Amino acid sequence: MPVNESAAAEAEMMTEAEMTTDGASGAGADAGTGTWEPRIVAFCCNWCSYAGADLAGTSRKQYPANIRIVRVPCSGRINPQYILRAFQRGADGVMVAGCHPGDCHYTTGNYYTRRRFSVVQRFLEYVGLHPDRFSGHWISGSEGEKFVQTAREFTEKVRSLGPNEKMRDVL
Amino acid sequence: MKRIGVFVCHCGTNIAATVDVEKVAESARHLPHVVFATTYKFMCADPGQKLIADAIREHALNRVVVAACSPHMHERTFRKAVERAGVNPYLMEVANVREQCSWVHRDKPVGTEKAAALVAAAVAKVARNVPLESGKLPVERRALVVGGGIAGIQAALDIAESGYHVTIVEREQSVGGRMAQLDKTFPTLDCSSCILTPKMVDVGHHPMIEICSYSEIESVEGYVGNFEVTIRRKATSVDPDVCTGCGECWNRCPVKKLPSSFNMDLGHRPAIYVDFPQAIPNVPVIDRANCTYYLRDGKCRVCEKVCPTKAIDFTLEDRLVKERFGAIVMATGFQTASLQQYPEWGLGTYPDVVTGLHFERLVSSTGPTEGKIKRPSDGKEPKSVVFVLCAGSRDEARGRSYCSKACCMYSAKQAILLREKIPQAQAHVFYMDIRTAGKDYEEFYMRAKEEYGVNYIRGRVAKVYPEKDHLVVRGEDTLLGRPVAVEADMVVLAAAIEPRADAAALAQKVGISYNRDHFFSEAHPKLRPVESNTGGVFLAGCCQGPKDIPETVAQASAAAAKVVQMFSKDALVSEAQLASVNEAWCIGCFLCQPVCPYKAIQPKEIEERRGRDKIKRTVSSVNTGLCQGCGACAVACPSGAMRLNGFTDEQILAEVDAVCL
Amino acid sequence: MAEKLVTSEGLFTMVEKLLGRAQVTAPREENGIAVFGPVNSAGQVELDGPLPVIPEKSVVFPQSETLLRMDLGGEVPKVEAVEPEGEQVILGVRPCGLQAFARLDRVFLEGAFVDPQYRRRRDHTLIIALTCPTVKRSCFCRAFGYGPSDGSGADLQLTRLPGGSFHLETLTERGGEFVAEMEKEGIAGLTDAGAEAGSAARAEKARVERLAERSAAAVSTEGVVEGLDGMYDDPYWAQLAERCISCGICTYLCPTCHCFDICEKARGPEAERYRCWDTCLFSNYTLMAGGANPRPTVRERLRNRLYHKLNFFNHRYGEFLCVGCGRCVEHCPTNIDIRKVMAKAAARSRAQGVSVNG
Amino acid sequence: MSEAIKTAAPVEGEPMPAELKTAEIPTRRGPAPGDPEFLGALRDCCRSLLAEGHVQRIIAYRETPDSLRPEVAFFASPEETGDLVWDLFCNTNICKYLLDYRTFEGRIGVVVKGCDARGVVQLINDMQIPRDKVEIIGICCPGQIDPAKVESAAGEAWVSRVVAGPDSVEIVTEEGTEMRVPLESVLTDRCLSCRKPNPPVADVVFGEDQKGRISDEVFEQIAELERMSSAERDAFWNRHFERCIRCFACRNVCPACSCTKCVFDQQEPDWLAGERNQANQHFFQITRAVHVSGRCTGCEECDRVCPVGIPLRLMNKKLWKDVKDLFDSPLPGTKLGVRSPLVMWDPKDADSFE
C-alpha cells in the first residue's frame, strides 16, 4: 500500500505566503455578491491542457473562478455537440484546449480537432453566436502561465458581452 | 441503487485554507445518489484510504468521489483504494479541488462554491460510470527483428541475452547491413568490420537467435503480444543444412561479372554468391535472374557438380512461413538518396561523381580496389577530391527538409582517410553548416581541418561538369561572398539518408505510421522515442530517422529493453478505458477507421435478427490490444455507436450539465 | 346574426387593437411559405396567401407546453400545475381548420377526462374564420361534407370581397361581443354590411364552393371505412411504406393529428414537465423500454396513421379524422396521397360488396 | 433498345475501407430527355436490365394521375416497367432508398439525376452499399420543375399537364386553356443554381452533358450573412429556426444521413429534447448540418422537402464553402473512394486556435 504521508505533508508545508499574489481575484458566479458572473466551461485534454492547468495550480497562479474544466483524454474526444450542450445549459463562454499540433499524446488527435473546429467555429459564428463566446487554444503541460492568461482574457471578454442568450435552455 | 460516497480532502491546509471543506461536503450530501460525505486531512495517506474503505463497507457505497488534488497525482491511488474495498476502480472519480480551485482562487467563498460545483460534476459523472475491467492479453515471448544491420543485430543480441527467442529477418544474403560496408568509423577511426564482425558471429551462433536471411515480411496480423507474421523465405537454391560454406561454388561459377550491390556496384560477384567473405550465414544464394541454369533451361550446373556436400538444389521454391511473435523491432535501416532531382551534380552521369557509401567501398580494404582509392572512370589515384555536404538534405524546395545528421562527420572522416592514404591529395568540403553534436565530434572535425588540412568551403555547389580529364565543381563561397571553382578528380556527395524505398509499404503491412519522408513515426517524440504507435512494435536505427552508429546502437538496446520489459510480464494488461462499439447502432460507415492512430478498428461481420430473418452485416470492431483510448473514433462516429468507456457521451454531458448549473 | 363590412385598413386597425390585449395568431409569410404563427404587428398578417402550412391546431395544442413545475430541492418536493395564461385570437382560420377544432374538441374535451390545458386555451381563444380565397387542387373538403365557405365553429367569419373589403359575419355571442367592443373603440372602416355587401359575400362563397366542386368527383368517402375494415393485412401497406421516408410532415402539418409525448426537463433540483407533439411515423413512437416495438417498421406506422385518419376515429367517434385540407398531399416529399388510399379502400369496399351480393 | 446502351458487367470489388474502388467503368450513352426516343429508350434499358438479370430491382418513378407529381416506384420485373417515367417533375432524390437494400441479395438499378447520383456515390463512399451492387442509370438533367410554381402560375385553374421546351414550358389546364411561361420561372430553386447536373459516376447515361446554371445567388446570400453583425445573424436564424416543426424530413432524405439510430432519436444520451424552443431547434439544426459537413453532396433535397421553408442550403453550402476553402477537397459524391475531409488531416491545415 503506498504511503503518501510524506508527499501530503510536503504539500501542506507550502504556506499561503508562498502563493503568488498576482492575478485577478477569482470572483465566482453569484458568490453572494448578487452581481452577474459569467459561467465558462473549458474542455481540456488530459495530457497537455489539463496538465497546464495543474501547473498553474502548483505555481499558485491566480485566475478567475468562472472557468470550470471538463477533462477529456484528448482534444480529439471533444464532440462539437458538447459545446452546444454547454451553451444550452447556461454557459456564457466555452473554451476548447488541447496539445499543440504535433505534440498530441495520441499523435494525431488534435489534428482532427483542428480541422473539426476550424469548421465548427466558423459555423457557430455564422448561426449568430458571438465570436468571443467560443475559443480554442493549444496549451501544453508546461504552459501554466498561458493557461492562466487565456483564462483571464477569455473570462474578461465574455464578461464584457454579458449573459449569453443564444441557445440557452434553462428553467 | 447507486450509493455514492464523497470524500473531501483538506490536503493539510492546501485545500482547507481557501475552500470550506465542510461546506463542500455538506452541499454534496444534497446531490442525487450521495448517501455519505465527509472530510479528512489527508485522503491519500493510509488513514485516509482506510477511511474510504471503511465508509464503503459501512454505508454500502458502490461509487466514490474523492475531492482532492489533480487526478494526475492520485487517481491511481484512490482507484486502488476503492478496489481493495471491493468497488470497481473505475467507479471512482476525482474532483480536482486543489490545482483547479484552492491553489488558484484565494477568495474562500468563491473557491468553496467552485469546489462544490466540481464535486457535483464528479458526482454526476460517477453516477453514470460503469465497472470496467482491464483486459489481460497473453504474450508470445518471441521477438521478431526486421533488418539485420547493426540496429537489428544489437536489438537481437540484447533480447536473446535476456533469455527470449529472436528471429531476425534480413532481406540480403547476409546480416551486417550498412555498417558492414563502411571502412572506418568516426570519431575513433575504428575499423567498422572489426567491431561489427564479432557481433555478427554472436548472432550467428546464439542459440536463441534464428536468422532468416534472404527473406522478407509478407504480412503481419494480430496485435501486441500476439502477432502472426508471414515471412517469405526466398528460394536460395542452396540447402543450408548441408552447405558448409566452403566456397567451391562461388569460386567456380562461370558467371562472374555481376554487379555487387554490397560494393555499391563498383565490384563484381558471381551468380552464386555470399555478400562478402565474413557473411553470416555463410551459405550462398543463387541469383536466379542471372544464373545460366535458370536462364538456359537447366544448362551449366557447375556449382552442383563442384559442391562437395550436394547442397545445391535448383528446385527449391519460395516458402511462406507463418510464425507467432509477441513483439516486433523494426530496424530496416536506410538507403542514400538517388539525387535524381539534382542533375547539376552529375551523379550517374559522370562516373567520378559518387556518394559517400561508394567512397566507403573504395577506401575499404575489403572493397573492389582493396583499399586503394582509385577513381571509377579510369582507376587513377585522385589528387583532388571534393566532398559535398547536404546533398539532397535540408532542401525543402526539392522535397527533403531534414538534416541527415551523420554526413558532416562521415565526410570529415572520409577526408581524413583520403589524406592518410594519399597524403598529397587535396580534400575540399562544401558545406552549409557543420554539425558536430556528439562526444568528441567537434574535436574530430577540428583535427580534419587543422591536422589534416581539409579545406572547408561554406557554400552550395551549383554545378559539377567535366573538363579535360577532371571535373570542375562550381559553387559559391558564402563566407567570402564570391563564386568558387574547384578542380577535382572525384566528387563525393554526402547523399541524404532516406528510408528504404519500400518503407511505407512495409509500415502499412506492419500497421505503424510514418512521416511524410516515410521514416517510421515514434509514439512520442520525446517520451516514447523507440515505441511506434502500435503496441508491441518498436523502432531502432535509421528507419526512424537519420542517426549515426552509437545512436543506433543505443536505440536498438532501448528497443530491446522495451521488448524484454513486455516479455517479463505474465500477461499484458490493457487499458480499461477503451473504445467499444454498440453494434446495433453501428452502420459500418467506417468514418472511425481513418482517425484511429493505432489501426485498432477493423471490420467485423455480425449476424442480426431483422423481424423473422437473420441478416449479416459489417460493423466496426475495436481491437483492445491496439486501442489506447484517445476517443477520436467516438467523435468521428456520427451516430455515437462508437463509445469511449470512461469518457462516454453520457458521462461528459452529465459533467457539462453539472458545471453549468 | 350581424353582418358587417370592414375595409382592409379597418381590419388592420382591429388587429393592432387586438395585439395589446391578446396573443394574436394569423397567417404570415416566412421565406415564401405561409404559416400560422403569432404576430407582433398587423402588418405581418397575410390573409390572401395560400392555405398556411403550419395548421391552426398549434393555437390550442402548441408544439410544446409546460404542464408542471417542480422543485425537488427542499425537504418536501414542491409541485405546481401550470395553467396557460391570457387571451388568444386566431385570425384567418380556414373552414378545414374549424372542422379540425371540432375533431380535437371531441378528443380533448369529451369523456371522463377533460384536458385542462386544452380546455383553458379553447375557452380563451376567439376564432375568426376566413372564407377560402381560392381552392387548391390538393383540397378535398367536399369529400367530408363541407366546403370552403363553411364557417361553422367560428365566432366570426371574414369573406374577402372583390373590392378588397371584408364581409364580417358574427356567428356566436362571443363574436358579437367582440364586434361590439370594436365598434365601441370606433374603428374607422367598420360599418354595417348593406344588402349589396351581403350578396357580394354570398356570391364569393358560391364561387369558391363551385371551385371546390371540382374535387368532389375525384374524391369520395363512400365505402372508405368499410373498405379499410378488411384491408388491415393487405400487401398494399407494405407497397406504400416502401416509398414513405418516415418523416413527420404529414402528421405535424395535419390539423387534426394530436399525439403528444410527455417529457421532463431537470436543471439541478428544479424541473418541468411538458408535453410536445409526437408522431406515429417516428420509430420511437411506440418504442418500449427494453427495445420492443409493436410497430417495428414503416409499414405498421404508416398504416396506423392512415387508419387513424380514415377508420379508427370513425369507429370511435363516428366521423373521419381527416378533414381534407390537403397539406399532407401537397407536402409529402415522396408524393404519398391519402386520396389514393381512400380510393383504394372504396374500391375494396365495392369489390367486397359485389362479392357479398353476388 | 440499341446495343450501345447495354449495361456493362458488374464491377468486381470488395467494399471494404482500404479497397474502395476509384476506377470507374466506361459509361454508355442514350438519348437525352426531350428527345422523342428518350422515354422509350429509358424503359427499354430498365426492362432489359431486369430481363437479363443484371439487376433484380429498379428504383425510379411511375406516372400518377397528377402529372406534376410522379411517384417513386420500385420495379421488380420487366413487365412492370411500362409506366416507368422520367420527366421534369421527378424531383424526389431516390438515392436514399438504396439504404433499404443494404441486405438485399441482388443488384439494384437507380435512375438518377446529377444531384441524385452524387448521393449514390456518397452512399458508396460511406460504405452503405457496394459500388458493384448498384447499376447507376444516370440522366444529364436539364433542370426540374417545381409543381408549386406551376400551380401558382396557373392561378385558380387546375393544371392538367405541362409540356416542357428548352427555354419555356406550356401549362395546359383542365379547362383546356394554355399558357407559356419561361422555364426559369418554374424551375425549382435548387435547379436555378445547379452547377453539376450530370451524374459524375454512371453505368449508363442518357443525354449529353448539361452545362447547368451558374448562379452565385446562394453564395452571395451566404456572403451577405457573413457580413452581418452577430446579432443580425442571430435574429435571422432565430426567425427561421422558430418555424422548425422537427419533422426530420431534412434528415430522412439526406444521402449523408445513413445512421439507423440517429443522435436525435437517442434517449440515452439525451442529446435532443422534445421541447420546441430555440435552444433545441438550434441544437438540432446545427448538429444536423455539422454531421453532414464534408459529406453533404449539395443536392439540396433537404431544402426542397422542408415544409416550412427553412433555408437549409444556406447552412449546408456555408459549411461546404468553408470545408472546400480550408481543405481543398472535391464536392462529396463527385468521386468514388473519397472520404470526408473531416476524418483526414494535413500538417499544414489552417488553425483557428490560439
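The values are calculated or read from the model by the stated rules, or taken from the named source; none is laboratory data. Note that the structure is predicted; figures quoted are calculated from it, not measured. Here Cβ is always computed from backbone atoms with ideal geometry, including for glycine, and neighbour counts include all displayed protein chains.
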**Asked** Filter the range B:199-235 for residues that are in a loop (DSSP other than H, G, I, E, B) and modelled with pLDDT of 95 or more; which is surrounded by the fewest Cβ atoms within 10 Å (Cβ to Cβ)?
**Response** B:Pro207
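Just the residues that are crowded, with 19+ Cβ neighbours inside 10 Å and either outside any helix (DSSP H, G or I) or of a type in the set (Lys, Arg) (or both), please, taken from the range D:88-109.
Initially, the range D:88-109 is screened for residues crowded, with 19+ Cβ neighbours inside 10 Å, giving D:88-98, D:101, D:107-109.
Within the range D:88-109, D:Leu88, D:Phe89, D:Cys90, D:Asn91, D:Thr92, D:Asn93, D:Ile94, D:Lys96, D:Arg107, D:Ile108, D:Gly109 meet the criteria.
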**Request:** For the range D:48-70, state whether one or more residues are farther than 25 Å from D:Pro166 by Cβ, touching a residue at least 60 places away in the same chain (Cβ under 8 Å) and among the acidic types (Asp, Glu).
**Result:** no
**Residues of the range A:123-161 classified as farther than 20 Å from D:Trp237 by Cβ and either among the polar types (S, T, N, Q) or more than 7 Å from every other protein chain (Cβ to nearest Cβ) (or both), total** = 23
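Does the range D:269-286 include one or more residues that are of a type outside the set (Gly, Ala, Ser) and more than 13 Å from chain A (Cβ to nearest Cβ)? Talk me through it step by step, then tell me what you get.
Initial filter on the range D:269-286 (of a type outside the set (Gly, Ala, Ser)): D:269-272, D:275-278, D:280-286.
Retained after the next criterion (residues that are more than 13 Å from chain A (Cβ to nearest Cβ)): none.
For the range D:269-286, residues of a type outside the set (Gly, Ala, Ser) and more than 13 Å from chain A (Cβ to nearest Cβ): absent.
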**Asked** Just to be sure, is B:Ala654 touching a residue at least 60 places away in the same chain (Cβ under 8 Å) and either in contact with a strand residue (DSSP E or B) (Cβ under 6 Å, 6 or more places away or on another chain) or among the charged types (D, E, K, R) (or both)?
**Response** no
**Message:** Would you confirm whether or not the range A:111-133 contains a residue that is within 20 Å of A:Arg71 (Cβ to Cβ), touching a residue at least 40 places away in the same chain (Cβ under 8 Å) and within 16 Å of the chain's Cα centre (by Cα)?
**Reply:** no
**Prompt:** Does the range D:126-170 hold any residues that are small (Gly, Ala, Ser) and either within 14 Å of chain B (Cβ to nearest Cβ) or not in a loop (DSSP other than H, G, I, E, B) (or both), and which are they?
**Reply:** D:Gly138, D:Ala148, D:Ser152, D:Ala153, D:Ala154, D:Ser160, D:Ala164, D:Ser168
**Message:** Please count how many residues of the range D:97-114 are at pLDDT 95 or above and charged (D, E, K, R).
**Reply:** 2
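Say whether the condition of being modelled with pLDDT under 95 and assigned to a loop (DSSP other than H, G, I, E, B) is met by at least one residue in the range B:540-557. Write out each step before concluding.
Step one: of the range B:540-557, the residues modelled with pLDDT under 95 are none.
No, because not a single residue in the range B:540-557 is modelled with pLDDT under 95 and assigned to a loop (DSSP other than H, G, I, E, B).
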**Message:** Quick check on the range B:3-19. Is at least one of its residues more than 14 Å from B:Ala95 (Cα to Cα) and among the aromatic types (Phe, Trp, Tyr)?
**Reply:** no
**Prompt:** Does B:Lys2 fit the bill of being in contact (Cβ under 8 Å) with a residue 60 or more places away in the chain, under 22 Å from B:Gly111 (Cα atoms) and either surrounded by fewer than 21 Cβ atoms within 10 Å (Cβ to Cβ) or among the acidic types (Asp, Glu) (or both)?
**Reply:** no
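Which residue is nearest to D:Phe283 (Cα to Cα), if the candidates are limited to the range D:219-253 and must be more than 14 Å from chain A (Cβ to nearest Cβ) and in a loop (DSSP other than H, G, I, E, B)?
Of all residues in the range D:219-253, those more than 14 Å from chain A (Cβ to nearest Cβ) come to D:220, D:243, D:245-253.
Retained after the next criterion (residues that are in a loop (DSSP other than H, G, I, E, B)): D:243, D:245-248.
Working: D:Arg243: 14, D:Ile245: 14, D:Arg246: 11, D:Cys247: 15, D:Phe248: 13 Å.
If we take residues in the range D:219-253 being more than 14 Å from chain A (Cβ to nearest Cβ) and in a loop (DSSP other than H, G, I, E, B), then D:Arg246 is nearest to D:Phe283 (Cα to Cα).
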**Message:** Restricting to the range B:73-89, name every residue that is more than 27 Å from A:Ala53 (Cα to Cα) and not small (Gly, Ala, Ser).
**Reply:** B:Glu83, B:Arg84, B:Val87, B:Asn88
**Fill in**
Filter the range A:54-67 for residues that are under 15 Å from B:Gly111 (Cβ atoms) and within 7 Å of chain B (Cβ to nearest Cβ); the one that is surrounded by the most Cβ atoms within 10 Å (Cβ to Cβ) is A:Ala65
**Request:** Could you check D:Asp216 against (1) farther than 29 Å from C:Arg243 by Cβ; (2) away from chain A (no Cβ under 14 Å); (3) touching a Lys or Arg at 6+ places or on another chain (Cβ under 8 Å) and say which number it fails?
**Result:** (3)
**Asked** Is it true that some residue in the range B:178-190 is within 29 Å of B:Arg57 (Cα to Cα) and either away from chain A (no Cβ under 14 Å) or among the small types (Gly, Ala, Ser) (or both)?
**Response** no
**Asked** Among B:Ala60, B:Ala67, B:Ala45, B:Ala28, which is the only one that is over 12 Å from B:Leu118 (Cβ atoms) and touching a strand residue (DSSP E or B) at 6+ places or on another chain (Cβ under 9 Å)?
**Response** B:Ala60
**Request:** Name the one entry in D:Pro330, D:Pro341, D:Pro307, D:Pro311 that is out of contact with any strand residue (DSSP E or B) (no Cβ under 6 Å at 6 or more places or on another chain), surrounded by fewer than 24 Cβ atoms within 10 Å (Cβ to Cβ), more than 9 Å from chain A (Cβ to nearest Cβ) and modelled with pLDDT of 95 or more.
**Result:** D:Pro311
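Suppose we filter B:Val461, B:Val491, B:Val454, B:Val484 for residues that are touching a helix residue (DSSP H, G or I) at 6+ places or on another chain (Cβ under 6 Å), closer than 19 Å to B:Tyr431 by Cα and more than 14 Å from chain A (Cβ to nearest Cβ); which single one remains? Give the derivation first.
Details: B:Val461 fails: touching a helix residue (DSSP H, G or I) at 6+ places or on another chain (Cβ under 6 Å); B:Val491 fails: touching a helix residue (DSSP H, G or I) at 6+ places or on another chain (Cβ under 6 Å); B:Val484 fails: touching a helix residue (DSSP H, G or I) at 6+ places or on another chain (Cβ under 6 Å).
Only one candidate passes the filter, namely B:Val454.
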**Request:** Go through the range C:241-358 and tell me which helices (runs of 4 or more DSSP H), entirely inside it, have 2 or more residues that are more than 9 Å from chain D (Cβ to nearest Cβ) and not small (Gly, Ala, Ser).
**Result:** C:298-307, C:313-317, C:338-357
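How about the range B:86-111: which of its residues are surrounded by fewer than 24 Cβ atoms within 10 Å (Cβ to Cβ) and within 12 Å of chain A (Cβ to nearest Cβ)?
Initial filter on the range B:86-111 (surrounded by fewer than 24 Cβ atoms within 10 Å (Cβ to Cβ)): B:86-91, B:106-109.
Those that are surrounded by fewer than 24 Cβ atoms within 10 Å (Cβ to Cβ) and within 12 Å of chain A (Cβ to nearest Cβ): B:Arg106, B:Asp107, B:Lys108, B:Pro109.
Counting only residues that are at the interface with chain B (Cβ under 8 Å from one of its Cβ atoms) and closer than 13 Å to D:Trp271 by Cβ, how many does the range A:87-101 have? Break it down into steps so the answer makes sense when it comes.
Of all residues in the range A:87-101, those at the interface with chain B (Cβ under 8 Å from one of its Cβ atoms) come to A:89-91.
Within this subset, residues satisfying the condition of being closer than 13 Å to D:Trp271 by Cβ are A:89.
Here the count works out to 1.
If I ask for residues that are closer than 30 Å to B:Val166 by Cα and surrounded by fewer than 15 Cβ atoms within 10 Å (Cβ to Cβ), which ones from the range B:276-309 would you list?
We begin by selecting, within the range B:276-309, every residue closer than 30 Å to B:Val166 by Cα; these are B:276-288, B:309.
Within the range B:276-309, B:Pro277, B:Thr309 qualify.
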**Fill in**
Note on C:Asp123: of the conditions (1) farther than 30 Å from D:Val150 by Cβ; (2) modelled with pLDDT of 95 or more; (3) surrounded by 15 or more Cβ atoms within 10 Å (Cβ to Cβ), unmet is (3)
**Request:** Would you be able to tell me the number of residues in the range C:152-175 that are under 22 Å from C:Arg210 (Cα atoms) and touching a Lys or Arg at 6+ places or on another chain (Cβ under 9 Å)?
**Result:** 5
**Prompt:** Of all the residues that make up the range A:31-45, how many are surrounded by fewer than 23 Cβ atoms within 10 Å (Cβ to Cβ), more than 8 Å from every other protein chain (Cβ to nearest Cβ) and under 20 Å from B:Ala121 (Cβ atoms)?
**Reply:** 1
**Complete:** Those residues of the range B:374-392 which are touching a Cys at 6+ places or on another chain (Cβ under 9 Å) and among the aliphatic types (A, V, I, L, M) amount to B:Leu389, B:Ala391
